[in-house]
1. Quick check, is Gly203 under 26 Å from Arg373 (Cβ atoms), in contact (Cβ under 8 Å) with a residue 12 or more places away in the chain and assigned to a loop (DSSP other than H, G, I, E, B)?
2. Look through Glu326, Glu315 and report the one residue that is acidic (Asp, Glu), touching a residue at least 40 places away in the same chain (Cβ under 8 Å) and in contact with a strand residue (DSSP E or B) (Cβ under 6 Å, 6 or more places away or on another chain).
3. Among the candidates Leu129, Leu113, Leu147, single out the residue that is in contact with a Lys or Arg (Cβ under 9 Å, 6 or more places away or on another chain) and either crowded, with 16+ Cβ neighbours inside 10 Å or closer than 24 Å to Trp261 by Cβ (or both).
4. Considering only residues that are out of contact with any helix residue (DSSP H, G or I) (no Cβ under 9 Å at 6 or more places or on another chain) and without any contact (Cβ under 8 Å) to a residue 40 or more places away in the chain, which ones fall in the range 246-279?
5. So how many residues does the range 397-418 have that are outside any loop (DSSP other than H, G, I, E, B), among the hydrophobic types (A, V, I, L, M, F, W, C) and surrounded by fewer than 21 Cβ atoms within 10 Å (Cβ to Cβ)?
6. Among the listed residues Val394, Val334, identify the single one that is β-branched (Val, Ile, Thr), touching a Leu at 6+ places or on another chain (Cβ under 7 Å) and either in a strand (DSSP E or B) or at positive phi (or both).
7. Could you pull out the residue among Ile392, Ile305, Ile375, Ile319 that is surrounded by 15 or more Cβ atoms within 10 Å (Cβ to Cβ) and within 28 Å of Val224 (Cα to Cα)?
8. Quick check on my filter: what residues within the range 317-353 are charged (D, E, K, R) and out of contact with any helix residue (DSSP H, G or I) (no Cβ under 6 Å at 6 or more places or on another chain)?
Amino acid sequence: MKNLTINLRRLCIGLWPLLCSGTALAADLPAGAVINASNLDQSKADTFEGKSIASMLTDKMELMIREHGLSITLRKSAPIPLDRRLEEATRAHSGGVTFDTATRTVKGWKAGLPFPDVREDDPNGGEKLIWNMRYGSMMGDQPVEDLHFLMMDFDKGLDRIQKWQIKRYMMVGRLTGEGATAGDGSEYSRTLLYANYPHDIRGVGTFTIRYSDPARVDDSWVYVKSVRRVRRLSGNAWMDPIGGTVSLNDDIDGWDSPPSWYRQVKLVGKRWILAVAHGKPALVDGKTSNEETYPQVDFKTPPYINSHDEWEPREVWIIEGTPPEEHPYGKKVVYMDTRFPRIYQAEMYDKKGDFWKFFNWHHSVVTGKDGFRAIGPLQGEQVDLKARKATIFVGDLKVNEPMTADDVTLGKLEAAGR
């Protein structure tokens with residue numbers, strides 16, 4: 001009995017440092033649990049839905065939590081079914097699609113995902129996944145009339161609000177409407193982006209035609225308010241900043257350019273991360289305060305660049321891109337859902353390899369009037385760590401509203417500026 005008492009005492013003494021440090025208190029966290037800077041070290045040892053918190057945080061997510069106020073509220077994960085028409089088009093046409101290694105482009109694509117079964121060991125896997133994103137028509141046509149940009153300062157909070165419209169009409173691979181192709185098939189998409197508010201930037205915007213042939217650069221025009229005229233932009237406008245935001249045109253949805261325009265696109269592998277895949281409503285009309293109008297934006301907690309939404313475990317592809325030399329970025333890393341081509345997070349690095357920007361998208365399923373189930377962002381935080389500024393976009397996402405190619409033209413950009 002004496003020996004037993006001594007051994008128990010020694011066991012308690014030995015366990016005491018572990019108990020005090022919290023490492024012996026690891027638990028499976030419930031939905032609704034919050035991970036922030038104050039409990040990050042303890043939470044990393046915990047699990048959620050059988051996976052450790054540490055394994056679902058990238059090093060840059062951990063940096064944003066420790067140093068930049070990111071707070072993550074856990075949500076029970078749920079499946080996200082794809083639209084029936086997208087799945088049917090993929091089954092019908094993907095068998096005739098090939099990847100041309102010489103041009104790094106897609107041959108034989110008509111509609112649906114060109115590469116539905118990418119393998120982790122595929123040397124061209126990264127490019128195939130980005131082509132899936134370009135051709136997958138996850139959002140159909142996008143007549144978004146309420147797109148708000150909240151310009152945030154790390155030290156002062158909200159600086160200003162801009163209100164924009166974006167209209168993107170898909171010209172090929174269409175899954176809704178009459179026929180899969182609009183026009184002669186030479187155009188891939190038309191995009192119109194212009195500001196409505198405040199008055200000093202009203203009408204400023206761009207019109208872009210992207211072509212089906214990836215070797216052909218975009219045709220883009222900008223409305224210049226000072227002369228009330230449109231001017232043609234260079235073929236490199238896809239790398240230019242969007243208005244006064246911290247984003248480039250190439251940053252739309254995480255990766256807006258054909259992968260063949262990059263010097264290299266590499267599939268790094270798979271992993272699990274915490275991501276916003278079932279985002280809450282982000283824009284509420286008719287409210288008087290910013291807190292009510294943008295309920296998922298954290299206006300009160302420095303550095304004023306984070307959100308109140310909920311995060312869940314998602315398995316993602318890790319894709320690394322090396323842009324052309326003239327591009328502002330030296331490297332871009334994106335995290336794309338393995339079940340469909342939507343990007344949850346992106347990291348941008350400068351030419352010296354230093355971490356520059358952190359982007360996060362709040363995705364949700366949005367059903368169009370025609371029944372099409374789109375997967376797209378309701379909100380996103382686009383953070384420039386060097387400038388200590390961020391652009392939070394908040395939108396009333398609509399898809400496949402009644403529109404035609406004639407609603408997205410250069411004339412419409414000119415009319416918006418008047």
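The values are calculated or read from the model by the stated rules, or taken from the named source; none is laboratory data. Note that the structure is predicted; figures quoted are calculated from it, not measured. Note that each Cβ is placed from the backbone with ideal geometry, even for glycine, and that neighbours are counted across all protein chains shown.
1. The answer is no for Gly203.
2. Glu315
3. Leu147 is the lone residue from the list that is in contact with a Lys or Arg (Cβ under 9 Å, 6 or more places away or on another chain) and either crowded, with 16+ Cβ neighbours inside 10 Å or closer than 24 Å to Trp261 by Cβ (or both).
4. Of everything in the range 246-279, just one residue is out of contact with any helix residue (DSSP H, G or I) (no Cβ under 9 Å at 6 or more places or on another chain) and without any contact (Cβ under 8 Å) to a residue 40 or more places away in the chain, namely Ile252.
5. Selection size over the range 397-418: 4.
6. Testing whether each residue is β-branched (Val, Ile, Thr), touching a Leu at 6+ places or on another chain (Cβ under 7 Å) and either in a strand (DSSP E or B) or at positive phi (or both) leaves just Val394.
7. That would be Ile392, the only listed residue that is surrounded by 15 or more Cβ atoms within 10 Å (Cβ to Cβ) and within 28 Å of Val224 (Cα to Cα).
8. Residues satisfying the conditions are Glu320, Glu325, Glu326, Lys331, Lys332, Asp337, Arg339, Arg342, Asp350, Lys351, Lys352.
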